[in-house]
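So the structure is just underneath, and the comments pick up after that.
What follows is calculated from the coordinates using simple rules that are stated; it is not laboratory data. All figures in this text were calculated on a predicted structure; none of them were measured in a lab. Here the Cβ is made from the backbone with ideal geometry for all residues, glycine too, and neighbour counts use every protein chain on show.
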Amino acid sequence: MRKPKSYYIETYGCQMNFSDSELVEGLLAGGGMRPAPSPDKAELVLVNTCGVREHAEQRVFGRLGALKTIKSGADFMLLGVIGCMAQRLGGKILEQAPWVDLVAGPDAYRALPQMLDELAGGNAVQLAQLELDGKETYEDLRPRRADPISAWVPVTRGCDNFCSYCIVPYVRGRERSVDADTVERWVRREVEGGAREIVLLGQNVNSYHDGDTDFAALLRRLDKVEGLGWLRFVTSHPRDLSDRIIEALAQCPTLCEHLHLPVQSGSDAVLGRMNRGYTRNYYLERVRALRQAVPGISLTTDILVGFPGESEEDFSRSVALMEEVRFDYAYTFRYSPRPGTRAGGWDDSVTDAEKGRRLEQVIALQLLHTRGALEAMTGRVIEAIPVREARSGDGKLQARTRSHFNVFLSADKSTVGKLLKVRITGNTGMNLYGELAE
């Protein structure tokens, strides 16, 4: 067996997974490998996986079955599974998909070149040491950025929250922060390389602290980077949304008027069982503080329905909170038990049918709120960055607003990557339409 010369990475899950794929690409490309346009053209195919929800893992196993067919028809191809699912299931992946050649968790990416060398030397299937590393941040590695306009910069890895339903601390380890000097160096490098937007990443990004610099101070420091257009961050925990962070959002010109603030539930009883660390009233107080400091701020959230013990009254509290806050958008999920979490062993008392009904209700409500938010923007002139030609093929460009909506507009391709003033002319219920403002 020889060492592969080309690679292809498929990514499932959150922004951190996509950022990790860029990191792995940089590692492979730095070793002389070249990217392939599709799995059937690659000698190494890596599937970067999510372990947060059962459905995501089922999709991966289905995809591995399809890749088995591609591999069997190829002259030479290695197949690997990396990421959170690899960390959670480890050798079980090799048992269920024995055509997989290597498995590596999120803290084992440095081992990939050695694993490929071992396979090339004729050794058996490779399973990276899956012990989590409480210090690994990959801060010395350079990612191969996929998006020329927006750059992800992971400032924390891991999580210390241990929400009772969440597998992340068990598959990504304890929280650690990249030191502020390194973060600033990364951001300057990306801006000098042409990035107009920087997105700071972390499982709980606003709990960032490198020992000397907290998250509010980091935001103010990065706001001063010359040439930076927009700065945003994800994902924030309500408990750690301090007054100092809110003040930075109000005072730093590069910080976008958008915040993703997962609430999960509007019921104090459910929030307590989830181990979220805040109450309904605390969350609503933070929303009021945000809107007072940053009028017109776009708020998005996560809603989880059907958590063990969630009564109809608990669910109605979530609906009422949605009505009160009127989020611009919400990512909505039905609860599924994750083995290894505290809630994974609890009685999953809400039936699948009831979970489905509740999910349909919150989706329908959120669609109404999203349409209302978009209609309120009609006629306004806002700032947007065209990022690519629209897939519709009608000559329009797809742009992104500071509030993180898509807006489709007629403009020359030379405007891609530039900060533009756009007048909103209409919407589809999920996206905006606009024209260049004079």
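Relative contact order of the stretch 303-438: what whole-number percent is it, with Cα pairs under 8 angstrom and at least 6 residues apart?
Details: 219 pairs, mean separation 27.6, N = 136.
Over the stretch 303-438, the number comes to 20 percent.
The charge dipole of the chain, taken about its Cα centre with unit charges on the Cβ of Lys, Arg, Asp and Glu (plus for the first two, minus for the last two), comes to roughly 680 debye.
What the Cβ-Cβ distance of residue 326 and residue 140 gives, at R0 = 56 Å and to the nearest 0.05, is a FRET efficiency of 0.80. The magnitude of the dipole of the stretch 150-375, with charges of +1 and -1 set on the Cβ of Lys/Arg and Asp/Glu and taken from the Cα centre, is near 240 debye.
Give, as ranges by residue number, the residues of the stretch 401-423 whose backbone N falls under 17 Å from the point 7 Å along Cα→Cβ of residue 431. Only 401-413, 416-417, 423 fall inside the zone, counting backbone N under 17 Å. Model label sites at residue 15 and residue 123, defined 7 Å from Cα along the beta-carbon direction, differ in position by 3.7 nm.
How many angstrom lie between the C-alpha centres of the stretch 161-196 and the stretch 371-438? The stretch 161-196 and the stretch 371-438 have Cα centres separated by 29 Å.
Expressed as a fraction of 2.2 N^0.38 Å, the C-alpha radius of gyration for the chain is 1.01.
Sum -39500 (n - 2.57) across every DSSP H segment of at least 4 residues in the chain, then divide by the residue count to get the 222 nm mean residue ellipticity, nearest 500. After summing the helix terms and dividing by residue count, I get -10500 deg cm²/dmol. Taking all pairs of distinct Cα atoms, average 1/r, flip it, and tell me the Kirkwood hydrodynamic radius of the stretch 303-406 in Å to one decimal place. Result for the stretch 303-406 stands at 16.4 Å. Charge dipole (Cα centre; +1 on Lys/Arg Cβ, -1 on Asp/Glu Cβ; no other charges) of the stretch 1-93 amounts to roughly 260 debye. Counting Cα-Cα pairs of the stretch 208-284 in 5 Å increments starting at 0 gives whole-percent bin shares of 3, 14, 23, 20, 15, 12, 7, 3, 1, 0.
In the stretch 192-234, whose amide N lies under 16 Å from the spot 7 Å out along Cα-to-Cβ of residue 244? List them in ranges. From the stretch 192-234, the list is 205-223.
Computed extension gain for residue 147 through residue 189, at 0.36 nm per residue and net of the alpha carbon distance, reaches 13.7 nm. In the elastic network of the chain, a GNM with C-alpha springs shorter than 10 Å, the most mobile of 250, 66, 29 is 66. Applying a threshold of 18 Å to the alpha-carbon distances of 41/68; 396/418; 396/421; 92/355 flags 92/355 as lying beyond it. The phi torsions of the stretch 11-19, fed into the Karplus equation with coefficients 6.51, -1.76 and 1.60 and a -60° offset, translate into couplings of 10, 10, x, 8, 4, 5, 5, 5, 5 Hz, rounded to whole numbers, with Gly and Pro shown as x.
Give me the tail of P(r) for the stretch 1-97 as a percent: Cα-Cα pairs with distance above 19 Å. Could you put the intermediate results ahead of the total?
Details: 1864 of 4656 pairs.
Looking at the stretch 1-97, the distances longer than 19 Å represent 40 percent of pairs.
For residue 367 and residue 388, the difference between the fully extended length at 0.36 nm per residue and the C-alpha to C-alpha distance is 5.0 nm.
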